[in-house]
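The values are calculated or read from the model by the stated rules, or taken from the named source; none is laboratory data. The model shown is predicted, which means the values in this text are computed figures rather than measured ones. With ideal geometry, Cβ positions are generated from the backbone for all residues, glycine too; neighbour counts draw on all protein chains shown. Surface areas here come from the heavy atoms of the whole protein model, side chains and all, with no ligands, DNA or RNA. Shrake-Rupley method; radii C 1.70, N 1.55, O 1.52, S 1.80 Å.
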Amino acid sequence: MAVTTQQLIQWKQQGRSIVALTAWDYAIAQILDAAGVDLILVGDTLALVLGYETTLPVTLEEILHHAKAVRRGVKRALLVVDLPFLTYQESPQQAMHSAGRVLKETGAQAVKMEGGYPAMIETVAHLVQAGIPVMGHVGLTPQSIHQIGLRQQGKTPEAEEKILAEALALQQAGVFSIVLEHIPTQLGLQITQKLTIPTIGIGAGPYCDGQVLVTSDVLGLSERKPPFAKSYTNLQDTITQAVQSYTFEVREHKFPPEEEVGK
Ligand code: KIV
């Protein structure tokens, strides 16, 4: 059965942890979906897969292009797509236009937007009232890299208070879930306990209702990964070895073999 936003809320109530990963193309999406990932995010970390230094340059057109490919590979997981930098911050109308394009053109079920109180609250409410499911994202918000860097957030009592207030205001505005990025474990726990919607943590400790990682980090394909990420394999080495073997065999006239294949 396909995963829905309501299902995620039920899983929180049942204490069943939610598994989320990012995807950027058809092949990766198919593998993640078949492996049982619950939520697949076409994140704006797509920028890093495309060779940009930060998430800021990625455009709505690029996200739409990749999200369509991911959609073709996803049968079960809930598909969420990030709204890129400056495609929603200007006004609720701009956000509606961008989110509408994502849902209509890609077939994704929801959008994710960074930021909270007070700027994003009106925008989230505007989209939710129009029937667009929205996922929030607070704590470290990489689209604000030039203001806050990529440091852990919520380290002072005031900063903790602000992130908690943002999460509560986003819930009130109607988000179905919130990503908590790079905040102290205790704050992740506190927010998770206070909210009725699921929290999905990335560098926010083990007490969130689910976890998300960037798939290129998980697969060992990233040039650099954040301190809280974990690689479960090293595809960079695996691919290098495969390509070196192929190169050797071609240069040594060992591939293709002399006898015809498929006779
Ligand atoms: O863009 C992204 O990949 C994200 C995750 C870090 C949650 O927003």
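Summary of computed values
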read-out: Some residue of region 188-196 being under 24 Å from Thr87 (Cα atoms) and at pLDDT 95 or above; value: no
read-out: Residue within region 69-76 that is out of contact with any strand residue (DSSP E or B) (no Cβ under 8 Å at 6 or more places or on another chain) and farther than 27 Å from Lys230 by Cα present; value: yes
read-out: Pairs, first crowded, with 16+ Cβ neighbours inside 10 Å in region 149-165, second among the aliphatic types (A, V, I, L, M) and part of a loop (DSSP other than H, G, I, E, B), C-beta under 8 Å, six or more apart; value: Gln152/Leu140; Gln152/Ile183; Gln153/Leu140; Gln153/Ile183; Gly154/Ile183; Ile163/Ile183
read-out: Single residue of region 29-45 satisfying the filter (part of a helix (DSSP H, G or I) and open to solvent by 30 Å² or more (accessible area, probe 1.4 Å)) that is farthest from Ile145 (Cα to Cα); value: Ala34
read-out: Residue match in region 134-153 (condition: in contact with a Phe, Trp or Tyr (Cβ under 6 Å, 6 or more places away or on another chain) and within 16 Å of the ligand (Cβ to nearest atom)); value: yes
read-out: Residues satisfying the stated conditions in region 6-27, i.e. within 15 Å of the chain's Cα centre (by Cα) and either open to solvent by less than 30 Å² (accessible area, probe 1.4 Å) or under 29 Å from Lys194 (Cα atoms) (or both); value: Ile18, Val19, Ala20, Leu21, Thr22, Ala23
read-out: Unmet criterion (only one of (1) within 19 Å of Thr4 (Cα to Cα); (2) surrounded by 23 or more Cβ atoms within 10 Å (Cβ to Cβ)) for Val138; value: (1)
read-out: Extreme residue, surrounded by the most Cβ atoms within 10 Å (Cβ to Cβ), among residues of region 179-230 that are within 15 Å of the ligand (Cβ to nearest atom) and polar (S, T, N, Q); value: Thr199
read-out: Qualifying position, being in contact (Cβ under 8 Å) with a residue 24 or more places away in the chain, within 16 Å of the ligand (Cβ to nearest atom), open to solvent by 40 Å² or more (accessible area, probe 1.4 Å) and in a helix (DSSP H, G or I), among Leu103, Leu48; value: Leu48
read-out: Residue ID - most open to solvent (accessible area, probe 1.4 Å), chosen from residues in region 66-100 that are hydroxyl-bearing (Ser, Thr, Tyr) and closer than 14 Å to Ile121 by Cα; value: Ser91
